[in-house]
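The values are calculated or read from the model by the stated rules, or taken from the named source; none is laboratory data. Please read all numbers here as calculations on a predicted model, not as lab measurements. Here the Cβ is made from the backbone with ideal geometry for all residues, glycine too, and neighbour counts use every protein chain on show. Areas reflect the complete protein model, heavy atoms only, side chains present, ligands, DNA and RNA absent. Shrake-Rupley method; radii C 1.70, N 1.55, O 1.52, S 1.80 Å.
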Amino acid sequence: LLSCLLFAAINRHQRGPYMDEAFHVPQAQAYCHGRFLQWDPMITTLPGLYLVSVGAVKPAAWLFGWTGSVVCSAGMLRFINLLFSAGNFYLLYLLLFKIHQKNKAVSGFQRILSTLTLAMFPTLYFFTFLYYTDPGSVFFTLFAYLMCLYGNHKTSALLGFCGFMFRQTNIVWTVFCAGNVVAEKLNEAWKTELQKKKDEKISSRKGSFSDLIRILQFLIEYLITPKNLVILTALTWPYIILVTVFFVFVFINGGIVVGDRSSHEACLHFPQLFYFLSFTVFFSFPHLLTPTKIRKFLLSLRKHPVQYSLIAVISLFLIWKFTYVHKYLLADNRHYTFYVWRKVFQRHDLVKYVLVPVYIFAGWSFADTLKSKSIFWILMYFVCLLAVTVPQKLLEFRYFILPFLIYRLNIPFPSLYRQLLELAFYIVVNAVTFYLFLNRTFQWPNSDEIQRFMW
């Protein structure tokens, strides 16, 4: 009900297409009129959103007798994302239930509360009300993940294909689903290995650096054994087929991006990982930024000064050599990233280096909350996280939605107090975001169009 009221307010204030909707809405309308060969070269994603929209709107128009401009209007198309948002709410609940099913201490109320919080995650919730690819992309990716956890791998791969049709980078989350299966098998084999050696010092959880080396050796040995490869291939073949289709697409298309490639060039933008970690600490501060966590981090710092010094030197080098600033980031003052960059990073050339201790704490705290997962799951998730963030030149908070949600789904259930604090924080952030979008409009000197602030 709240979302519907907000949806009505946004459509009343912004009737026509806004920002990227200027490309998405006309393209969907062309599909609505049966012009499936028409394509706007400025669009960089595949036509999943438009196909689903036409598949939903056309039968509804026939059923309710809608005609004329109301069919496939901007408001009608935006409503598709409101439906995806309701689907995301349900999927988040089912995923929380499945992932934490062994935790009997979690009440049904806590599950609902966590679901509500994640469904209102500000960056995702905002795009529920505009005709963007994000809600649909999240829906199909979460659905694929849920099916993977239930062992329905063919269905998961099919849903992964739908997610890929919304955004090409979602192929990484298909690999993540396959990785879940592989990590489970590796964990079983590792436990058997430990049983054989009866070595209590090594565990399947995060341990010392020498333990990590031994785990990596085991990983390599396991994956080069033909018998193990056959077993893993038999388990993950639907995902392998989809990844093969992806590589064929990239070969035929000449790249991952369709349409305008000039503004979406892949590069090794390692600081994106640091931005993601900072973004995660900001939105999960009730879990990651606690006095206990800070004390544990300082203790870890005192115990392992050499390791942390090495991490700091590597981080400084990556920031020095691999920081890229996209032209959109500097030019478009409608996005929050424009102000983050101007107010923080452009204050002084040294700011980006001074933030390294913050990044190290964010990374440690991030990893610490995942320690309940097996080391193989953590390695697999980290590889997917690198694959989905590092190649992006543009700093765009929307790109962090899926890695954040998957991280947040997999951390242990926090206390009721922390859950309520997180939900209250999200409500405040959403309220401020929608207030700015609706009421703090402005105009550019060379344009009559009304401009609005957004993620």
Ordered by residue, what ³J(HN,Hα) values in Hz, to whole numbers, does region 219-224 give under the Karplus form 6.51 cos²θ - 1.76 cosθ + 1.60, where θ = phi - 60° and Gly and Pro are x?
4, 5, 4, 5, 7, 9
By the rule of no other cysteine beta carbon under 4.7 Å, the lone cysteines of the chain are CYS4, CYS162, CYS267, CYS384
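For the chain, calculate the relative contact order in percent as a whole number, restricting contacts to Cα pairs under 8 Å that are 6 or more residues apart. Intermediate values should be presented prior to the final figure.
On the way: 481 pairs, mean separation 90.7, N = 455.
Value for the chain: 20 percent.
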Please sort 90-97, 131-138 by packing, taking for each peptide the average over its residues of neighbouring beta carbons within 10 angstrom, highest first.
131-138, 90-97
Accessible area in the full protein assembly, largest first, 1.4 Å probe, for PHE89, PHE453
PHE89, PHE453
Determine, for each peptide in 53-65, 168-180, 366-378, the mean count of other beta carbons within 10 angstrom over its residues, then list the peptides with the highest first.
168-180, 366-378, 53-65
Roughly how many nanometres apart are two label points built 7 Å out from the Cα toward the Cβ at TYR435 and GLU221?
6.1 nm
Could you do me a favour and compute the accessible area per residue for the chain, 1.4 Å probe, result in Å²?
49 Å²
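Can you give me the % of accessible surface on the chain that is carbon or sulfur? Probe 1.4 Å, all protein chains present, nothing else counted. Before the final figure, lay out each step's value.
Numbers: 15090 of 22230 Å².
That fraction is 68 percent.
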Students often get this wrong, so try it: which of [x] 37, 27, 23; [y] 40, 28, 19; [z] 48, 29, 22 is semi-axes √(5λ) of the Cα gyration tensor in Å as calculated from the structure shown?
[x]
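Going by accessible area, probe 1.4 Å, with all protein chains left in place, what is the ranking of GLU449, GLU193, largest first?
Numbers: GLU449 125, GLU193 45 Å².
Correct descending sequence by accessible area is GLU449, GLU193.
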